[in-house]
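Q: Shown below is the structure under consideration.
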Amino acid sequence: MNGGCITFTDTGLAANDYGWWYVRNSTIDWNYTGLAANEAGWWCIVNGGVDFNYNGLAYDPNVGWWYVVGGAVYFQGTGLVYDEHAGWRYVVGGAVNTDYTGLVYDENVGWWYVENGKVNFNYSGLVQNDSGLWLVQNGTVNFGYTGEMTYDGIVYDVYGGSAVRR
């Protein structure tokens with residue numbers, strides 16, 4: 001409404017006694033599922049309404065993948081986050097970092113190899129990070145391995161998952 005007149009061009013979040021709704025052209029868009037912002041933050045919308053019980057990753061074609069807690073984008077979220085539809089993703093500042101490839105440590109799940117923002121459970125090989133060269137098997141650092149291995153034609157000695165070229 002604008003000056004007592006109904007407008008038919010409003011788009012965004014609106015609230016009433018029954019919840020928060022995604023409105024397009026001044027009508028609730030019951031088909032909208034994605035993310036939308038208002039003065040209180042960014043929210044996960046499912047079938048036109050804010051889903052305050054939603055926890056996990058949410059995708060919007062305009063803004064990508066985001067980590068949502070209690071229906072709101074959790075901008076403080078950093079680490080590995082599991083979603084039943086998207087799998088394990090690397091989140092930085094609430095956003096899935098699809099540009100990142102390398103090792104990621106998460107205090108809850110340990111060290112994992114992430115490729116383009118997603119844990120790659122099929123990867124086995126050596127991965128370099130700031131702390132050295134590490135043996136990754138099935139996507140995770142194998143700290144239990146000690147022995148010799150050959151990778152890309154080069155022999156390495158591995159001690160507790162840390163690899164050193166001979």
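Values in this text are rule-based calculations from the coordinates and carry no lab data. No experiment lies behind these values; they were computed from the predicted model shown. When we count neighbours, we look across all protein chains shown, and the Cβ atoms used for this are built from the backbone with ideal geometry, even at glycine.
Q: Skipping prolines and chain starts, which residues have an amide H placed within reach, meaning under 5 Å, of the one on residue 151, given they are 5 or more residues away or on another chain?
A: Distant-sequence amide H within range of residue 151: 156.
Q: OK, next. What number, in percent, do you get for the relative contact order of the chain if the mean sequence gap of Cα pairs under 8 Å and at least 6 apart is divided by its residue count?
A: In percent, rounded to a whole number, it is 10.
Q: Short version: ³J(HN,Hα) in whole Hz for each residue of segment 153-162, in order, from phi by Karplus 6.51 cos²θ - 1.76 cosθ + 1.60 (θ = phi - 60°), x for Gly and Pro, what are they?
A: Along segment 153-162, the couplings run x, 10, 8, 10, 9, 10, 10, x, x, 8 Hz.
Q: Is there a quick way to get the dipole size of the chain? I mean about its Cα centre, with the Cβ of Lys and Arg at +1 and of Asp and Glu at -1; what is the value in debye to the nearest 20?
A: 220
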